[in-house]
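Asks: Sharing a structure here in structure tokens format.
Bear in mind these aren't lab numbers, they're just calculated from the coordinates by the rules spelled out. Only a predicted model underlies this, so the values are computations on that prediction, with no experimental measurement involved. Cβ atoms come from the backbone with ideal geometry, glycine included; neighbour counts cover every protein chain shown.
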Amino acid sequence: MKDTKSGLKTGDLACKISDTICLPDSKLPRVVIIGGGFAGLTLVEKLKHKEVQVILFDKNNFHQFQPLLYQVATSALEPDSIVFPFRKQINGYKNIVFRLAEVEEIQASSNTVVTNKGKVHYDYLVLATGTTTNFFGMDAVEQNSLGMKDIRDSLNIRHMMLQNLEQAAITCDDDERDALTNFVIVGGGPAGVEMAGALAEFCKYILPKDYPEYPASIMNIYLVEASGELLGAMSDKASVKTLKYLGNLGVEVLLNESVTDYDGREVRTKSDKLILARNLIWTAGVKGQFPKGIDEKYLVRGNRLKTDSYLKVEGYENIFAIGDIAAIITEETPKGHPQVAQTAIQQGKYLGNSILNIINNKPIKYFKYKDKGSLATVGKRKAVADIGTFKFGGYFAWLLWSIVHLMSISGFRNRLMVGFNWAVSYFTYEKSNRLIIRNFKKPATTSEESKKSNIKTLEKNTVQ
Ligand SMILES: Cc1cc2nc3c(=O)[nH]c(=O)nc-3n(C[C@H](O)[C@H](O)[C@H](O)COP(=O)(O)OP(=O)(O)OC[C@H]3O[C@@H](n4cnc5c(N)ncnc54)[C@H](O)[C@@H]3O)c2cc1C
């Protein structure tokens, strides 16, 4: 082994013929994991210090805690409280290697993944690539609204919101001021409900202090849901309570309604309503994302990969899928398991054991999901909970939600920061992170002329 100028031993960083990304030399079976979300990172934890070489690829150098993205978006938390660097996570794990790269293609016939930085050979491949926002083919909505799937989206929402509130203070045009201070959130699942609740709290406690020139009523929040209830995956009790809590916070919930078009200023709905809003946040759907190369005949609803009960992708011998991207379709789970953190974590743990058993020629059991319950918060001090047969809401549910989320965040420092921020905000109702650090620019909207003509229609049809 020869020492190089950089101090590395050349033998430590050897590339096989099929690899163009430098990796430590190893005779151990190689497991390549694409994606360090809840599923991928749990799998990494399960395989640490084991007789396998693990290569973790992610297009970001950090893990993100998606359930609290809405708190970054509404200035309650700083981004570094809910993201955690992979390299810090794997510190001291000698058999785990992280490479910052986006995997672009899977060449299953040669057991190779192609990334934007080079190629790597695998013995076992695990897809843990999660989902991306689904705009259901509505290009105008996609172009003009913001999704909430990662930390950049959250920061975009925060900047859009703060900039629009500042712009509203400048403008003398009443319609434009309305548009700048109105918010439409599309999708009444947990992400939409939590975002609507947090915005309503912002409107109630922050707006009157920061913008004393406006009444709090200037900021209208609409939550649009296509079905007849909020939190459709939870109990009826949770849906009804959520509707009541949001109503008390002043959120206007539009059920059995959907957004059909948006030009950046005017939101059109299925029932021909027109809402003026320069802030549209889309949480109405997700679709699976994964590199090309997987046979499309194995895709199921929501662009998920159909796997067998052992999480092996149909049609492949050594390719597995876990988390949001995976769908075990059986009579018991015709739509696959719920796309939530618990599923991803349980599948990551399960697959870690399975891969080790496969390598050691031991029998493997099929994956069994254990539903630990669902929680969703609605503003501060209120939440709904479905835990087994217990369905409840209110302050106790909110306390439970806070503890569960705090304990789930990666890293002691992050837990401390989030806990501290929450404690301060609990007593002061303050959100201290209202800084416009970068200039967020939304794509251009329709021409001034068409805007003027639409305002006439708006006077007749607006829901405000
Ligand atoms: C706003 C929001 C709120 C939520 N709230 C809750 C909640 O309260 N409770 C709950 O249980 N669940 C919640 N969820 C769902 C939960 O976050 C997901 O179920 C979970 O993150 C899925 O984990 P995963 O590992 O499958 O995917 P993800 O966590 O999405 O991770 C996928 C990873 O893959 C990486 N990646 C993707 N493609 C590539 C590629 N080609 N190359 C390299 N890297 C790639 C990504 O960078 C990412 O790190 C929420 C989700 C959102 C968006």
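Asks: Does segment 251-259 include one or more residues that are among the hydroxyl-bearing types (Ser, Thr, Tyr) and closer than 29 Å to ASP173 by Cα?
Replies: yes
Asks: Here is a follow-up. When you check ILE185 against the structure, is it surrounded by 23 or more Cβ atoms within 10 Å (Cβ to Cβ), touching a helix residue (DSSP H, G or I) at 6+ places or on another chain (Cβ under 6 Å) and in contact (Cβ under 8 Å) with a residue 60 or more places away in the chain, yes or no?
Replies: For ILE185, the condition - surrounded by 23 or more Cβ atoms within 10 Å (Cβ to Cβ), touching a helix residue (DSSP H, G or I) at 6+ places or on another chain (Cβ under 6 Å) and in contact (Cβ under 8 Å) with a residue 60 or more places away in the chain - is met.
Asks: Out of all the residues in segment 134-149, is one or more in a helix (DSSP H, G or I), among the small types (Gly, Ala, Ser), buried (at least 21 other Cβ atoms within 10 Å of the Cβ) and under 20 Å from the mean Cα position of the chain (by Cα)?
Replies: No, segment 134-149 has no match at all.
Asks: Cβ contacts < 7 Å: first residue within 10 Å of ASN61 (Cβ to Cβ), restricted to segment 78-104; second residue aromatic (Phe, Trp, Tyr) and part of a helix (DSSP H, G or I), any location; separation 6+ or different chain. Result?
Replies: PHE98/PHE86
Asks: Let me ask another. Tell me, yes or no, whether segment 208-218 has at least one residue that is crowded, with 23+ Cβ neighbours inside 10 Å and either without any contact (Cβ under 8 Å) to a residue 60 or more places away in the chain or of a type outside the set (Val, Ile, Thr) (or both).
Replies: no
Asks: If you scan segment 111-144, which residues turn out to be within 30 Å of THR269 (Cβ to Cβ) and of a type in the set (Asp, Glu)?
Replies: Residues satisfying the conditions are ASP139, GLU142.
Asks: Another question about this same structure. Please work out which one of (1) part of a loop (DSSP other than H, G, I, E, B); (2) under 18 Å from ILE275 (Cβ atoms); (3) within 16 Å of the ligand (Cβ to nearest atom) is the condition ILE185 fails and give its number.
Replies: Of everything listed in (1) part of a loop (DSSP other than H, G, I, E, B); (2) under 18 Å from ILE275 (Cβ atoms); (3) within 16 Å of the ligand (Cβ to nearest atom), ILE185 misses just condition (1).
Asks: Something else about it: How many residues does segment 15-55 hold that are among the small types (Gly, Ala, Ser) and in a helix (DSSP H, G or I)?
Replies: Final tally of qualifying residues: 2.
Asks: Looking at segment 272-286, is at least one residue among the small types (Gly, Ala, Ser), within 23 Å of the chain's Cα centre (by Cα) and within 16 Å of the ligand (Cβ to nearest atom)?
Replies: Within segment 272-286 (the criterion being among the small types (Gly, Ala, Ser), within 23 Å of the chain's Cα centre (by Cα) and within 16 Å of the ligand (Cβ to nearest atom)), the answer is yes, since at least one residue qualifies.
Asks: Can VAL114 be described as over 20 Å from the mean Cα position of the chain (by Cα), within 18 Å of ASP25 (Cβ to Cβ) and more than 9 Å from the ligand (Cβ to nearest atom)?
Replies: Here the answer is no, as VAL114 does not meet what is asked.
Asks: Hey, another quick one. Which ones in segment 243-302 are basic (Lys, Arg), surrounded by fewer than 16 Cβ atoms within 10 Å (Cβ to Cβ) and not in a strand (DSSP E or B)?
Replies: Selection gives LYS244, LYS270, LYS297, ARG301.
Asks: Give me the residue from segment 309-339 that is acidic (Asp, Glu) and away from the ligand (no atom under 16 Å from the Cβ) and, out of that set, farthest from the chain's Cα centre (by Cα).
Replies: Restricting to residues being acidic (Asp, Glu) and away from the ligand (no atom under 16 Å from the Cβ), the top hit is GLU317.
Asks: Given the options GLY379, GLY352, GLY393, GLY348, name the one that is more than 27 Å from SER75 (Cβ to Cβ), more than 13 Å from the ligand (Cβ to nearest atom), crowded, with 20+ Cβ neighbours inside 10 Å and touching a residue at least 40 places away in the same chain (Cβ under 8 Å).
Replies: Being more than 27 Å from SER75 (Cβ to Cβ), more than 13 Å from the ligand (Cβ to nearest atom), crowded, with 20+ Cβ neighbours inside 10 Å and touching a residue at least 40 places away in the same chain (Cβ under 8 Å) holds for just one of GLY379, GLY352, GLY393, GLY348, which is GLY352.
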